[in-house]
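Okay, structure first, notes after.
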Amino acid sequence: MKRRAFMLSCLLSALADSKTATPQYAKVLRGLALQFPRDHGAHPDFRTEWWYVTGALDLPRKDIGFQLTFFRVRTGFVEALASPIAASQIVFAHAAVTLPGDKLLHADRAARANLGAGFSTSDCDVHIGAWQIQRSVSDVFMLKAQDAQFAFDLTLTPTQPKMLQGDAGFSQKGVRAEQASYYVTWPNLQVDGSIVLGGKSQAARGKAWFDHEWSSEVLGEADVGWDWLGINLADGGALMAFRIRDAAGATVFSHATLRDVMGRTQTWSGAAVQFKALRKWRSARGTEYPVEVELRFGSHIVRTMPIIDDQELSTRRPAPVVYWEGLVQVEGTLTGRGYLELTGYAGKIVM
Amino acid sequence: MLVVSGLTKRHPNALRPIFRDLNFSVSAGQIVALVGESGVGKSTLLNCIAGLETAEAGSVQIDLQNMMALGEAERARLRAARIGFVFQAFHVLPTLTVAQNIAVPLLLTRVPVAEHAVRIGALLDRVGLAAFGARWPASLSGGELQRVAIARALVHKPQLILADEPTGNLDPRTANEVLSLLLERCREQNTAALIVTHSAQVAARCDHTLTLTPEGLQA
Amino acid sequence: MTLALWLIQAQFQTRFTATLLSMLAIALGVALGFAIDLINTAALNDFSRAMKSVQGEPDAVIAPRDSAASVPLTAINQVARDAAVLVVAPVIEVRVRVDNDAATVRLIGLDVLTAPAVMPDLLPRQSAEVSGNLFGDGVYLSRALATRLKRNAGDEITLMRGDATWRTRIAGDLPATRPDDLIAVADIAWVQARFGPLDAVSEARIRLAANTDVEAWRKSISATLPSGLVVKGAADEGARVSNLSRAYRVNLNVLALVALLTGGFLVFATQLTAVAQRSTQFALLGVLGLTPSQRMAQVLLEAVAIGIPGSALGLALGYALAFAFTRLLGGDLGGGYFSGSAPTLVATPFSMLIFFALGCAASLVGAAYPAWLNRSQPLAAALKTGFAHRPPQAHSQRGVLLVALSFVAIALSQAPAIAGLPFAGYAAIAVVLVIGIVAAPLATHALFSHLSRYDLPPAQRIAVQNVAQAPLMAQVAASGLIVSFALTVSMVIMVSSFRVAVDTWLDEVLPAPLYVRSKATPLPQAALDALKRPDAPFVKSESAAFSGLTLDASRPAVALLVRELDRNDPGIRLPFTGPVIAAPLEQTVVWVSEPMAELYGIKPGQQLRLPLLGREMNVFIGGVWRDYARQFGSVVISRGDYEKLGGRFEPTDLALWPRAGQEAAAKNWLAEYVKRYALEFSESVEIRRISLSIFDKSFVVTYALEAAAMLIGLFGLAVTLAASVWLRARELATLSALGFDRAMLTRAVMFEGLMIASIGLAIGLACGVAVGALLTHVINPQAFHWRMQLHIPWFVVMLGVVLTLLAGLVASRFAARQTTLLPAARVLGSVQ
């Protein structure tokens, strides 16, 4: 559920020439059995897809957040063009590191498939240049990203089975049946490897969260954004919750999934999941984000505490997108660390 | 002041020396006339004393410095500091004004420029050219030019004046005036002078006369 | 210092004209040098900026060595995965024609996702009125192109390359391109789909991580790539741009320095006469106590006093000159390396300082000998009789010196180029000029002692005696002429030799009466097919294709010419400079041009590895042919061999022989195709004319420099003659008192001037021929890698001799007037 990818897909399809036929995007259907490792790979027939890794490190320092995300977008145009480098499949990538008590570092890349970017349709293997997320046969994910300010080279080793969100991977995102995605999560991955900060390479260790989601239609006309969080709980459990908001800030659709350390999964939807802003932080750009959120579902009440307030992101390529996405501490009836994503607060995108 | 001893000068291609083993001295305030027939070597002797020509043997002491032992540049500096020159042909620089001409020795001896005007003005006054400072040499008569030359020879208060026929180009009356001026000023400043001349009148007005002959110097 | 200033002031007042002329000569030399430097630097910067605007400033570029080949996508994707690579921005560039416009346009296909990091100036902007996006079917035109085509966003246009056409529309513009760029940009995939190459791109421009050792990276990545690809660093780009015109620029700078040298010569003449004139004054100052080194310093100070205002004036003049030149003619000094609008001049403090210092140095060098003379004047003698020049050196000594110098000159002429530039050749030229100057006294002595044997009229006899007795001034005057005339003659000879060679060469390389070109895009197959039909009014046609081969990343590419010629008899089409060696049947044979043979040290009969068609191939060198068109080398391969290697022959040029009597019909027949495909049609006569006019234009600056040198030489003659006459004012006055009338004196002085000018011209001519030979046989081959026969245009040279003699006469008449104007009585009466 990444705002960025959503924006991009909307943007790109809006750009598509009205004369060209709207492509037939594959539909997300309930009841389809996902097959692995095939479904770790790309699904180029769908409009949008992302592989999303967030995590918190305890080495070299406590509460260093890191993120590496690949988005694949089927643009819907130039599909008939007789060129292997037609811009029909574009890959974007985003890497970020949160330094506690300091700041957020981030970088992004974009490339079209076959021209710097690539993805496999048989397993998780996506890259732009030397940035990559790749799964090995033993389910270990290998992450690589480099930029002028930071670089990391990490392996993610499962400590628990993966989670198929929603109904065996079919995740409802709105009131209409078509508003859905296929959604696979792998929480509590053991992180090992190295991270380069300030030109110095250091050993890294921590916990990570892996999402893989693909869809063709998610949001309704009136929806402007969402709040999402994915938390590795201290006791080995995993919590995922989101709500979709309209222009007035009212919840249009909400959902929460909790898997406890024994592997038992519970889900809540609708009025049973309540988001409430406890503290707002105003960014330099003037956008207010509810960085401290109170989440109630079932008998649980938890609140998020950002590691640092300023985890606002802005990217310019291919169009300006501004949102908040960062490492938070979760306290309350459940405790843990994970990523909170707050999108649609910076207003409408100017095209 | 000037002590010449054992001075011997030979012409490059001649067997006989021009003069041999000359010995004489001129003390401070003393004015000596050097006479002799043409071609006997008076000018050469003067050139040797001034360090413009070198001699084969002997020494020329000016203020205890042996001119002959010095290099070219030191000789030039010694001339600038200790000697004033007066020539038969005046040799006033045509491209400089009268005052500038007189200032040349001051510049060469690095007298502060601030002092120039006073010293040159006083001297011009003494040689009777008070109003001539800004004039160009081309507009001056022979007598006036020689007065300028005398002023230039004395302006830096040299210990020795070397004069080569200072009145040779002048009419008798002017010659007399100019000579008087030169002698007065030398005596006034207690300067030694060696004056090469053909004129008996000139020699008579000096303190002492030396006669150069092919055989040597006769007092 | 006060005294020095007084003396300088006095000197400038009394010799105002001569001093001013020296100053102007220095100013002229500095101005020419500075202007040339300014224009060249500006043009080069402009050219680099233009290239950067289109190519961006990548850290490295992966390109095919053979411009007809391409970079496979696999290579791009492989390089992209390297951790040091931040962005790989691929481009496909093709030359296309737009609609029926005559110009060919660079169509650049790029990927808007990667281009911003490397070539931001090429980014397209979608027009608000046109739907679609930057990935779509649409082209974006530079302002210059849109203006030229008179088209707006939304208009339909057709792009053509050979037989491939793309009907599309203008979707927007290129806001950051430079005002005169004719560029169209489109999405790389669209360009690929319409014009190819399939599964490949033209080149990839790469941005590396900031801390990357580019050289090491380049080496390691090169090793993993196919041999047909080259990885160029950013430094190569600069080197290549600079190499493109380096020899030409250095040559011009050397010419400008020559102008400065002649300026120094004028200072020499002025200061020497100044020393001579003031010898009594300096002797007096010496007696009064000015030390020898102070007397030397005084002359040098005066030179500096000429040099400083001269150089300052020269800088201002040079800037004005460069400004006027670039406004009027653009940034190209005639070399044809740069074109386009007027570049911006940037006068850096460094270059200003350099040229200022050069001006002062030239002045100081000119004054060195006079200063030394002034130092060594015997005081007592000078005070009595004025300037005394030491008796001239024994003539036998000079003879030995001349022989020794000749050997030095010969040795230097045989030395190889240093860093691709003929420095030894330039030194040899300098030595030849020195030989001329050293020979001057010998010649003066010989001529005047010979003349004195004749029964001459009294005036002339006096002149002859005067020169025979006091030859220094005559030598100075003659030397100035020797240097300037030698340089002028040598330029005339070099240009003439070159022109004659180009003329004959054009005959050889333009055998057909008619030529058709399609300017970098392939000729349409329809036209080629039509030529083959029996009704086509042509006896014969031959076509050719061109591409570029990168043999060395830091040098401009070598041209590859694929031509329809018989590999067993290439001599009928190529002007070979030596033997043609038959190649073994199974081997590919190529014939390299003279510049290529020299640049890469290739000899006929050798094997050479050439990066053809995306791979390295062994070829046989069948011979070396003369090519004055491509300074960086060219290599010819027969169409048969090229196709045998798997190359696709896509000709762009056609040579046509109409049937006898059907010339008009042939032109009509062609006109249709020319119009339909916007081809360029020309007759060989016209190509010749244009080529020669381009050639002539390229030497305009050379002519200007020649004229400057000649003018300075004549100044020198006038100044020295005037001074020598001035020095002898008393002597001339005495003569006048003895009964010579003014006319006789004038004749005497003019006769002297004429004799001196004759000597100067005779030696100058001899030196000029020698320097011309050096320019033609040493400088040209080493700097530009082309050789030619020496051709001396006697008529022009003799005309120059006559004109200079006349000018010399005028100069000496001027000098004579100066003296005879002085009232004899005053001169005789003046004490000084």
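Please treat every number below as a calculation from the coordinates, not as lab data. Since this is a predicted model, take the numbers as computed values, not measurements. Heads up, the Cβs are rebuilt from the backbone with ideal geometry, glycines too, and the neighbour counts pull from every protein chain shown.
A few notes on this one:
- For C:Ala200, distant residues with modelled amide H under 5 Å away: C:Leu73
- On the beta carbon distance between C:Ala707 and A:Asp246, with R0 = 60 Å, the FRET formula returns roughly 0.10.
- Region C:416-480 versus region A:134-179: alpha-carbon centroid distance in Å: 92
- Dipole magnitude of the protein assembly as shown about its Cα centre (Cβ charges: Lys, Arg +1; Asp, Glu -1), debye to nearest 20: 2360
- Other residues lying with their Cβ under 14 Å from the Cβ of B:Arg135 contribute a combined charge of 0, Lys and Arg counting +1, Asp and Glu -1.
- Options C:Gln525, C:Ala582, C:Leu656, ranked by Cα towards positive dipole end of region C:519-678, top entry (Cβ charges): C:Gln525
- Entries in A:Lys144/A:Lys280; C:Lys232/C:Lys644; A:Lys62/A:Lys103; A:Lys62/A:Lys276; C:Lys644/C:Lys675; C:Lys219/C:Lys644 that, when Cα-Cα distance is taken, lie over 23 Å: A:Lys144/A:Lys280; C:Lys232/C:Lys644; A:Lys62/A:Lys276; C:Lys644/C:Lys675; C:Lys219/C:Lys644
- Considering only the protein assembly as shown, percent of DSSP beta bridges that pair antiparallel, nearest 5: 85
- Counting only DSSP beta bridges with both residues in region C:519-678, the antiparallel share comes to about 70 percent.
- Computed from Cα positions, the angle between helix C:729-738 and the longest principal axis of chain C comes to roughly 50 degrees.
- Mean-position separation - Cα centroids, region C:571-602 and region C:140-165, in angstrom: 42
- Charge dipole magnitude, Cβ of K and R +1, D and E -1 - chain C, Cα centre, debye nearest 20: 2360
- Taken over region C:499-575, the alpha-carbon convex hull comes to 148 cubic angstrom per residue.
- The string of couplings for region C:189-200 from the Karplus curve (6.51, -1.76, 1.60, θ = phi - 60°) is 5, 5, 5, 5, 5, 8, 10, x, x, 6, 6, 7 Hz, one whole number per residue in order, with x for Gly and Pro.
- The GluC sites (Glu not before Pro) of region A:197-282 meeting both criteria, a DSSP state outside H, G, I, E and B (loop) and at most 11 other C-beta atoms within 10 angstrom of the site's C-beta, are A:Glu221.
- Net charge dipole, region B:2-218: roughly 320 debye, given to the nearest 20, about the Cα centre with Cβ charges of +1 for Lys and Arg and -1 for Asp and Glu.
- Distance between region A:59-84 and region B:52-84 - C-alpha centres, whole angstrom: 96
- Calculated from backbone phi, Karplus (6.51, -1.76, 1.60) coupling profile of region B:151-164 in Hz, x at Gly/Pro: 4, 4, 5, 9, 4, 9, 6, x, 7, 9, 10, 10, 10, 10
- Dipole axis of chain C (+1 Lys, Arg; -1 Asp, Glu on Cβ), positive-most option in C:Gln789, C:Ser48, C:Leu149: C:Gln789
- Here the Karplus relation 6.51 cos²θ - 1.76 cosθ + 1.60, evaluated at θ = phi - 60°, turns the backbone of region B:129-140 into coupling constants of 10, 3, 9, 9, x, 8, 7, 8, x, 4, 8, 9 Hz, with x for every Gly and Pro.
- Gyration tensor (alpha-carbon) shape descriptor, the protein assembly as shown, a/c threshold 1.5: prolate
- Cβ-based charge dipole, the protein assembly as shown, positive-most Cα from C:Pro309, B:Ser199, C:Asn668: B:Ser199
- Under 16 Å of direct C-alpha separation, and excluding same-chain neighbours fewer than eight residues apart, A:Lys162 reaches these aspartates and glutamates: A:Asp39, A:Asp123, A:Asp139, A:Asp211, A:Glu213, A:Asp260.
- Rounded tilt (10° steps) of C:395-414 against the dominant C-alpha axis of chain C: 10
- Helix C:16-55 and the long axis of chain C differ in direction by around 10°, with both axes built from C-alpha atoms.
- Residues of chain C were split at every exposed loop site, defined as GluC sites (Glu not before Pro) in a DSSP loop with at most 16 other C-beta atoms within 10 angstrom, and the longest piece left, sites excluded, is C:130-585.
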